[in-house]
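**Student:** A single structure is presented below for examination.
The values are calculated or read from the model by the stated rules, or taken from the named source; none is laboratory data. Please read these numbers as outputs of a predicted model, since none were measured by experiment. All Cβ positions, even for glycine, are placed from backbone atoms using ideal geometry, and neighbour counts span all protein chains on display. Protein only, heavy atoms only, side chains kept; ligands, DNA and RNA dropped before computing areas. Shrake-Rupley method; radii C 1.70, N 1.55, O 1.52, S 1.80 Å.
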Amino acid sequence: MQKFPLQDLLPSWASRIRPYPTGKPIEEVERELGHTAIKLASNENPFGPSPKAIEAVRRSLDRVHLYPDSAGYALRKKLAEMHQLEMSRIILGAGSTELIELAARTFLSVEDEGIAPESSFLIYQLAIQETGATLTLVPLRDHGLDLVRIRQAVTPRTKVIFLANPNNPTGTMFTAGELDRFLEGLSAHVLVVLDEAYFDYVERDDYSHSLDYVREGKNVLVLRTFSKVYGLAGMRLGYGMGHPELIESLDRVRTPFNTSRPAQWAALAALEDRDHVARSVEINRRERQFLSEELTLMGVRFTPSVANFLLIDTGRDCEQDFLKLLQEYVIVRPMKVYNFPTSLRVTIGTREDNEIFLEALGRVMATPAPADR
Ligand SMILES: Cc1ncc(COP(=O)(O)O)c(C=O)c1O
C-alpha cells in the first residue's frame, strides 16, 4: 500500500493532539463481560430525562425527514424567557463541548494563546490545541481553580480562558466574589468562557451570578448543558450566553443544523418539567452525603463536592482499580490523565448504584495494590 502523505497534510499542532479519553461505554463493558453493568463514569443523571422529554422526542420523529430549525428559535426563545435575556444573547450547540470548540475556533489562531486549568475538563486543552494557538496550563490550588495564577498567566497574546465552575473532576467551585475580582480590569482582548455544566447541582448562595455579566455585556461566554441534570447527554444539546456581537460571531462559524430536531424538542420539554430537576438535585444532595459518609467510614479520602460526582483518592494506581471495578461490573473514571494518578471520579448514582459501588470498592481495596506486592 502507498504511504499516506500525512506529514505534508497535517499541521504540526494537530499531530500533537491526544484524543479525548471518554468514559467506557456501558454497551462495550456489557458486551465484553457478558453481564449488565452500572455506569458511574460520565456524570450523567442516573434518573435519565423527564418522561415529558422522551415523549417530545417521540413526537419529533414524525418530522425527522425535515431538517431542524438551524437557529433553534423555539428553544432559544424559551431559554431567553427563563433567563430573562434577549434571544440574540443565546446560541445552541451539540452539547456544550461543541460550543467550547466553537469559541476556540472563532477567536484563536496560531499567533494567540489560550489558557486552561491543568486538571480540568480536557476538552479545553484540545479545543485550544486544535486551533494551533499556544496552550497555557495553570495548575490547581487545593483542588480548586487558581484564579489568581490564571490571571497572572494572561499575556498580550491571550484571547480565550476556560474556567469550569464547578470544576470537573474535583467538584469544587469558585465564588461570585472571586470571579468579580478575576474579571475586574481584565483586558478587553480576553474572552472568559465560564463553563457551568454542573451549575444546577450547586446550592450555595455565594455561587457566581454569571448571567449578570452577560446582561452587562462583559467579555464572558456562559455555557450550560442538557447533559447533566436534564438527563439528556445522549441528545447532545448545550447552550451559550453572551453579548449579542459575541454570539453573532460564534454563529457565523457554527455548523448549520448543529442541533437535531429530537434534541431541540427534548430540551424544550425538559425545561417545562421543573419537578424532575428539583427531584434530581434533591436526591443528588442526599446521595452525595450518603457516599461521603460511607467513604469516610471506609477511610477513603475524597474532595468535598458541590456537583454530582466525587473525586476519591484510594492511594492506589487508579488504572488498576478502574480495571478491578470493571470486573465488578462498575464503570468509573480513572483520573491519571487529569494528573490524579491515585484517584477515581465517581458519578453519584441512585442509592442502589451507590451501594453496589461501595461494596465493589471495598472488595477491590481489600486486594493488594500491585505496588504493595
Ligand atoms: C465541565 C464540563 N463541561 C462540559 C461538559 C460537556 O457536556 P456536554 O455533554 O454538554 O458536551 C462536561 C461533561 O462531562 C463537563 O464535565
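**Student:** Taking 25 Å as the cut-off for C-alpha to C-alpha distance, list the pairs among Lys39/Lys159; Lys78/Lys159; Lys78/Lys228; Lys39/Lys228; Lys78/Lys218 that go past it.
**Tutor:** Lys39/Lys159; Lys78/Lys159
**Student:** Then there's this: Report Thr175's accessible area, 1.4 Å probe, all protein chains in place, as a number in Å² to the nearest 10.
**Tutor:** Accessible surface of Thr175 is approximately 30 Å².
**Student:** With the cut-off at 1.5 for a/c, could you classify the range 186-290 from its C-alpha gyration tensor as rounded, prolate or oblate?
**Tutor:** Since a/c reaches 1.5 but b/c is at least a/b, the shape of the range 186-290 is classed as oblate.
**Student:** Taking 0.36 nm per residue of separation and subtracting the Cα-Cα distance, what length does fully extending Glu245 through Tyr20 add?
**Tutor:** 77.9 nm
**Student:** Rounded to the nearest 5, what % of the DSSP beta bridges within the chain are antiparallel ones?
**Tutor:** Of the beta bridges lying entirely in the chain, close to 50 percent run antiparallel.
**Student:** Still on this model: Filter the GluC sites (Glu not before Pro) in the range 181-241 down to the DSSP loop ones having no more than 10 other Cβ atoms within 10 Å, then list what survives.
**Tutor:** Those satisfying the criteria are Glu184.
**Student:** Can you grab the distance from the C-alpha centre of the range 13-64 to the C-alpha centre of the range 137-169, Å, no decimals?
**Tutor:** 29
**Student:** Under a plain spin-label model, where a point goes 7 Å from the Cα along Cα-to-Cβ, how far apart in nm are Ala71 and Arg351?
**Tutor:** 4.9
**Student:** Whole-Hz ³J(HN,Hα) for each residue in the range 54-59, computed from phi via Karplus 6.51 cos²θ - 1.76 cosθ + 1.60 with θ = phi - 60°, x for glycine and proline: what do you get?
**Tutor:** Result, rounded to whole Hz: 5, 4, 5, 4, 4, 5.
**Student:** Would you please classify the overall shape of the range 197-243 from the alpha carbon gyration tensor, given that a ≥ b ≥ c denote the square roots of the eigenvalues, rounded means a/c under 1.5, and beyond that prolate means a/b larger than b/c while oblate covers the rest?
**Tutor:** Since a/c reaches 1.5 but b/c is at least a/b, the shape of the range 197-243 is classed as oblate.
**Student:** Quick check on packing: order 18-29, 105-116, 342-353 by the mean number of other C-beta atoms within 10 Å, highest mean leading.
**Tutor:** Answer by packing, highest mean first, reads 342-353, 105-116, 18-29.
**Student:** Then there's this: Accessible area per residue for the chain in Å², computed with a 1.4 Å probe and the full protein assembly in place, what is it?
**Tutor:** 47
**Student:** Also, I was wondering about something else. On the principal axes of its Cα set, how long, how wide and how thick is the chain? Give whole Å, largest value first.
**Tutor:** Each principal axis gives a Cα extent; for the chain these are 60, 58, 47 Å.
**Student:** Tally Lys/Arg at +1 and Asp/Glu at -1 over every other residue whose Cβ is under 10 Å from the Cβ of Ala80; what's the total?
**Tutor:** +2
**Student:** Okay, moving on. Taking Lys24 as the anchor, which aspartates and glutamates have their alpha carbon closer than 19 Å to its alpha carbon, excluding any fewer than eight residues away along the same chain?
**Tutor:** Straight-line reach from Lys24, under 19 Å: Glu32, Glu44, Asp317, Glu319, Asp321, Glu328, Asp353.
**Student:** In a shell of Cβ-Cβ distance under 11 Å around Val202, excluding Val202 itself, what net charge do Lys and Arg (+1) and Asp and Glu (-1) give?
**Tutor:** That sum, taken over residues with Cβ under 11 Å, equals -3.
**Student:** Okay, moving on. Compute the Cα gyration tensor for the range 121-258, then decide on rounded, prolate or oblate, letting a ≥ b ≥ c be the square roots of its eigenvalues: rounded whenever a/c is under 1.5, prolate when a/b is larger than b/c in the other cases, and oblate in all that remain.
**Tutor:** Verdict is rounded for the range 121-258.
**Student:** Once the other residues with Cβ under 10 Å from the Cβ of Met365 are scored (Lys, Arg +1; Asp, Glu -1), what is the net sum?
**Tutor:** +2
**Student:** In the chain, what percent of the accessible surface is made up of carbon and sulfur (1.4 Å probe, ligands and nucleic acids excluded)?
**Tutor:** Using a 1.4 Å probe with all protein chains present, the chain comes out at 52 percent carbon and sulfur.
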